[in-house]
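Student: One structure follows; several queries about it will come next.
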Amino acid sequence: MGQALIAAIAADPGLKLAGAVERAGHPSVGKGLGGGLTICSNPSALAHACDVLVDFTSPAALDANLDAACDGRAALVIGTTGLEPRHHAAIDRAAKSAAVLQAANTSLGVTLLAALVESAAARLGPDWDIEILDLHHRHKRDAPSGTALLLGDAAARGRKVDFAKVRTPAREGIGPERVSGTIGFSAMRGGSAAGDHLVLFAGEGERIELIHRAESRDIFARGAIRAASWLAGRKPGRYKMTDVLGV
């Protein structure tokens, strides 16, 4: 993702790369980026030299990146997935002094898909069962994916219900019948799939399938760069990809 972000910035004449960060001890630290820039291991130093930080790292790195954004008065786009409630609480705290946009998926297509899912869920009754399937490469560790959970949350908002109460895990073995109004999840991992998501609305005698297929990770970089351009100069607060598209 770092390489994809650098390429996306280079392709936009209105943007300028300020630098890049890797964890301390990583073999990339110290390597050149062109234009006199090198990869560093200090996010705070980079935050002081840029308008917006873009974070596609890991949950373990989030606290340092949030502190850096607040210290350097930089906005922050977070594309890292696998976040826990404590991470979201940390984002809430940081958003009091910095503009922060956090998204489980920065694809513009997925952002629109979530809006369609919310709309469909609002118009179809609880007798329409909702199932969400995600497919990712073999190296992805979190399941369901952050995008799958984003889509489930959109469906729950459409129905005006508490997502945590209607979410059900993947099924295995012999269990009870499906509970009406719940939102089910299934995850597949294999190969080099960049990310496919299917939201199934299953009714009596008919089905609606809303699908997004990522053919390249470049789409996440382009979406993140568009979000960063939109976020620059915004007031402190917590923002979403739907704000960027005006959905």
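Student: Given axes a ≥ b ≥ c from the Cα gyration tensor, I'd like to know whether the range 108-213 is rounded (a/c under 1.5), prolate (a/b larger than b/c) or oblate. Could you put the intermediate results ahead of the total?
Tutor: On the way: a/c = 1.74, a/b = 1.26, b/c = 1.38.
Taking the square roots of the gyration eigenvalues as a ≥ b ≥ c, the range 108-213 is oblate.
Student: Considering the options G175, F201, L108, tell which one lies farthest towards the positive end of the dipole of the range 108-213, charges being +1 on Lys and Arg and -1 on Asp and Glu at the Cβ, about the Cα centre.
Tutor: L108
Student: So what is the calculated 222 nm ellipticity per residue for the chain, using -39500 (n - 2.57) for each DSSP H run with n of 4 or more, over all residues, to the nearest 500 deg cm²/dmol? The partial results should precede the final answer.
Tutor: On the way: 9 runs with 88 residues, N = 247.
Theoretical 222 nm ellipticity from helices: -10500 deg cm²/dmol.
Student: What residues have an amide H closer than 5 Å to that of L53, excluding those fewer than 5 places away on the same chain, when H is modeled at 1.01 Å from N in the peptide plane?
Tutor: Long-range HN contacts for L53: A75, L76, V77.
Student: I would also like to ask the following. Using a 10 Å Cβ count of at most 15 others and DSSP loop calls, identify the longest part of the chain lacking such GluC sites (Glu not before Pro). Walk me through the intermediate numbers first.
Tutor: Values: sites that count: E172, E177, E204, E215.
Within the chain, the longest run free of exposed GluC sites (Glu not before Pro) spans 1-171.
Student: Follow-up. Taking the Cα centre of the range 108-213 as origin, sum charge times position over the Cβ atoms of Lys and Arg (+1) and Asp and Glu (-1), and report the length of that vector in debye to the nearest 20.
Tutor: On the way: 14 positive and 14 negative charges, 73 e Å.
Magnitude of the dipole: close to 360 debye.
Student: Mind sorting M241, M188 by how few other Cβ atoms lie within 10 Å of their own Cβ, fewest first? Kindly include the intermediate steps, with their values, before the conclusion.
Tutor: Values: M241 28, M188 12.
Ordered by Cβ neighbours within 10 Å, fewest first: M188, M241.
Student: Here's a follow-up. Residue-wise, which Karplus ³J(HN,Hα) couplings in Hz belong to the range 124-138, taking 6.51 cos²θ - 1.76 cosθ + 1.60, θ = phi - 60°, and x for glycine or proline?
Tutor: Values per residue, Gly and Pro as x: 9, x, x, 6, 8, 6, 10, 10, 10, 10, 10, 10, 9, 4, 5 Hz.
Student: Using only Cα atoms, find the angle between the long axis of helix 108-123 and the longest principal axis of the chain, and express it within 0 to 90 degrees, rounded to the nearest 10.
Tutor: Rounded to the nearest ten degrees, it is 30.
Student: When DSSP assigns beta bridges and you keep just the ones with both residues in the range 108-213, what percent turn out antiparallel, to the nearest 5?
Tutor: On the way: 15 of 24 bridges.
Beta bridges within the range 108-213, antiparallel portion: roughly 60 percent.
Student: Let me ask something else. Of all DSSP beta bridges in the chain, what percent run antiparallel (nearest 5)?
Tutor: Numbers: 17 of 38 bridges.
Of those bridges, close to 45 percent are antiparallel.
Student: Could you work out the relative contact order of the chain, using alpha carbon pairs under 8 angstrom and six or more residues apart, expressed as a whole percent? Mind showing how you got there, number by number?
Tutor: Details: 461 pairs, mean separation 56.9, N = 247.
Across the chain, relative contact order equals 23 percent.
Student: To continue, here is another question. Can you give the charge dipole size of the chain about its Cα centre, rounded to the nearest 20 debye, using +1 on the beta carbon of Lys and Arg and -1 on the beta carbon of Asp and Glu? Numbers along the way, then the final one.
Tutor: Values: 28 positive and 26 negative charges, 105 e Å.
Dipole about the Cα centre, nearest 20: 500 debye.
Student: Calculate how steeply helix 85-94 sits against the longest principal axis of the alpha-carbon atoms of the chain, using the helix alpha-carbon long axis, and give the answer as 0 to 90 degrees to the nearest 10.
Tutor: For helix 85-94, the angle is close to 40 degrees.
Computed from the coordinates by the stated procedures, all read-outs in this text should not be read as laboratory data. What you see is a predicted model, and the numbers here were worked out from it, not measured in a lab. Here the Cβ is made from the backbone with ideal geometry for all residues, glycine too, and neighbour counts use every protein chain on show.
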